[in-house]
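The values are calculated or read from the model by the stated rules, or taken from the named source; none is laboratory data. All of these numbers come straight from a predicted model, not from anything done at the bench. Don't worry about glycine lacking a Cβ; one is built from the backbone with ideal geometry, like all the others, and counts go over all protein chains shown. These area figures cover heavy atoms from the full protein model, side chains too; ligands, DNA and RNA do not enter into them. Shrake-Rupley method; radii C 1.70, N 1.55, O 1.52, S 1.80 Å.
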Amino acid sequence: QVQLAESGGGLVQAGGSLRLSCAASERTNSRLTMGWFRQAPGKEREFVAAISPSGGSTNYADSVQGRFTISRDNAKNTVYLQMNSLKPEDTAVYYCAVRYGFAVLATGNYDYWGQGTQVTVSP
């Protein structure tokens, strides 16, 4: 079982930046796609970004494409989400997730989830 721990959330003004990190429990020779989802109060959870096990493929939601960048460091078992040009509508709890396989799915079909980290963007 993979355990995930998100960090890096906080409060920023619109137009600012944050970098989220997600550290996974150590696994050797695993084939794990890693992704980010978010959920705002009263809203459904939505896909943000995902990255393939090798880091060679990525997938982004239209709402964040061009502003957010997902990356990973397999030596550290960590995935990152660099968020630039933040907007108030980006305010949400951001969750890290992993799944076995190569597909950078935009659906909720992931195997393990983190506890989440709060991102708040003020006007």
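Picking from residues in region 109-123 that are within 19 Å of Pro88 (Cβ to Cβ) and surrounded by fewer than 17 Cβ atoms within 10 Å (Cβ to Cβ), the one that is nearest to the chain's Cα centre (by Cα) is Gln118.
When region 50-72 is filtered for residues that are open to solvent by 50 Å² or more (accessible area, probe 1.4 Å) and either in a loop (DSSP other than H, G, I, E, B) or acidic (Asp, Glu) (or both), the ones remaining, listed by number, are Ser54, Gly56, Ser57, Asp62, Ser63, Gly66. Considering only region 75-86, state which residues are loosely packed, with under 15 Cβ neighbours inside 10 Å and over 14 Å from the mean Cα position of the chain (by Cα). Of everything in region 75-86, those that are loosely packed, with under 15 Cβ neighbours inside 10 Å and over 14 Å from the mean Cα position of the chain (by Cα) turn out to be Ala75, Lys76, Ser85.
Within region 90-108, being surrounded by fewer than 21 Cβ atoms within 10 Å (Cβ to Cβ) and either within 16 Å of Leu4 (Cβ to Cβ) or at pLDDT 95 or above (or both) holds for Thr91, Val93, Tyr100, Gly108.
Which ones in region 23-49 are touching a Pro at 6+ places or on another chain (Cβ under 7 Å) and either at pLDDT 95 or above or surrounded by 13 or more Cβ atoms within 10 Å (Cβ to Cβ) (or both)?
Residues of region 23-49 that are touching a Pro at 6+ places or on another chain (Cβ under 7 Å), as a first pass: 31-33.
Scanning region 23-49 gives Leu32, Thr33.
Residues of region 6-20 that are within 9 Å of Thr117 (Cβ to Cβ) and not charged (D, E, K, R): Ser7, Gly8, Gly9, Gly10, Leu20.
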